[in-house]
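To start, the structure under review is shown below, and the notes come after it.
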Amino acid sequence: MRKIPTDLKILNTIYYQYYETFTNFSARGVERSNKIHVPIEISLISKKLKVDDDIIFGRLYYHMNKKYGHQEAENSYINIFCMRVGADRHCIQFPLMASVLSELQSENSRFRWATTIASTSLVISLISLLIGILR
């Protein structure tokens with residue numbers, strides 16, 4: 001069974017695939033409706049992550065909108081993923097996504113450091129125990 005990509009992996013893939021598109025926005029151009037909403041190709045992301053398109057769509061639309069989106073005011077919602085913004089389809093709210101991605105990367109880094117320190121402590125303890133037994 002193929003491993004399911006994490007939120008970190010999905011957002012990281014989207015970020016690096018579409019960062020240039022986000023930064024190259026021109027208000028005079030007609031490439032998309034506005035700067036902060038970047039249309040993404042779900043099939044491209046799913047191919048890169050080697051999963052079905054519906055897995056990526058479901059994670060963005062059902063899971064991440066609920067987890068990372070919020071209500072600004074009555075009838076005003078900020079979603080990380082929108083079905084349609086103007087004429088654009090399947091849009092990621094890029095600044096919000098970048099903030100969430102930064103938080104996930106920081107969390108992942110803290111976890112890795114804690115795991116590394118715990119593993120090192122375990123190895124040192126085992127070496128000390130082995131030295132104590134062999135004496």
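Values quoted throughout were computed directly from the atomic coordinates according to the rules given, and no laboratory measurement underlies them. The structure displayed is predicted, hence computed values, not measured ones. Virtual Cβ from ideal backbone geometry, glycine too; neighbours counted across all protein chains shown.
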**Mean-position separation - Cα centroids, the stretch 1-27 and the stretch 44-113, in angstrom** = 9 Å
**Request:** Could you calculate the contour length gain from residue 75 to residue 130, that is, 0.36 nm times the residue separation minus the distance between their Cα atoms, to one decimal place in nm?
**Result:** 13.3 nm
**Qualifying aspartates and glutamates (Cα of each under 20 Å from Cα of residue 50; at least 8 residues distant if same chain)** = 7, 41
**Message:** With Kirkwood's inverse mean 1/r over C-alpha pairs for Rh, give me the Rg to Rh ratio of the chain, two decimals please.
**Reply:** 1.20
**Request:** Quickly work out the residue 21-to-residue 123 label distance, labels modelled 7 Å from Cα along the C-beta direction, and quote it in nm with one decimal.
**Result:** 4.2 nm
**Prompt:** Using the count of nearby Cβ atoms within 10 Å as a rough guide to exposure, how do 7, 52 rank from fewest to most?
**Reply:** 52, 7
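Order these by the 10 Å Cβ neighbour count, fewest first: 51, 123, 38.
Listed from fewest to most nearby Cβ atoms, that is 123, 51, 38.
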